[in-house]
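First the structure, in the form of structure tokens, and then the observations on it.
No lab work stands behind these numbers, since they all come straight from the coordinates. This structure is a prediction, so every number in the text was calculated from the model and none was measured. Quick reminder, even Gly has a Cβ in these numbers, built from the backbone with ideal geometry, and neighbours come from all protein chains shown.
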Amino acid sequence: MAVWLTPLSRWFGVFGAGLALITGFMTFTSVFMRAFLQTPIPGDVELTQMGIALAISMCLPWCQTQRGHILVDFFTQKSSVQSLRFMDSVGCLALAVMYGFLAWRTSVGAISVREAGETTMIISLPMWWAYASLAPGLGLSALIALAQTIDHWTQPLSEQAA
């Protein structure tokens, strides 16, 4: 896999994790304020939805780099190394296509929503920000999955990661 993909995916993951922590703290603060001061943070639900969606998107590249997706190997336990390699390469290619498609469609959606001028209900944040912010994480995940597919096809069996 390209040398620069792993550190970049790590930075995306750190950013995503930090954003999830900030969103969690904001949610805690809003619930606390609602319970004791009868006034929550305005737009807390909108900010939570956008923040967590972005955090998940930013963590996907690291998950893909680490091959951290759920793997059900019950039916493949007795498969040969070559069969497993083929199935892994097909799985990585399918993920690359899916991530690429999602990155493309969220980008197109962001343009469409921006042209429509949609905003959130309470604090009037532009909705296109949410769509556009998802594309980088999905795009990087697609690149990583494609690089892993190529690795499966080109590396000798002894060098492949588990």
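How big is Rg to Rh over the range 26-74, alpha-carbon atoms, Rh as the Kirkwood inverse-mean-distance radius?
1.28
Expected output is a single nm value to one decimal: the length gained when fully extending between A35 and V3, i.e. 0.36 nm times separation in residues minus the C-alpha distance. What is it?
6.6 nm
Could you point to the label whose value was computed as Cα extents along the principal axes in Å for the structure here, given (1) 62, 38, 31; (2) 48, 34, 30; (3) 118, 48, 31?
(1)
Could you list which residues have their amide H under 5 Å from that of T119, counting only those 5 or more apart in sequence or on another chain, with H placed in the peptide plane?
It is M127, by chain and number.
What range in the chain is the longest one free of trypsin sites (Lys or Arg not before Pro) that are in a loop by DSSP and have at most 16 other Cβ atoms within 10 angstrom?
79-162
May I ask you to list the chymotrypsin sites (Phe, Trp or Tyr not before Pro) in the range 4-71 that are in a DSSP loop and have at most 12 other Cβ atoms within 10 Å of their Cβ?
Answer by residue number: W4.
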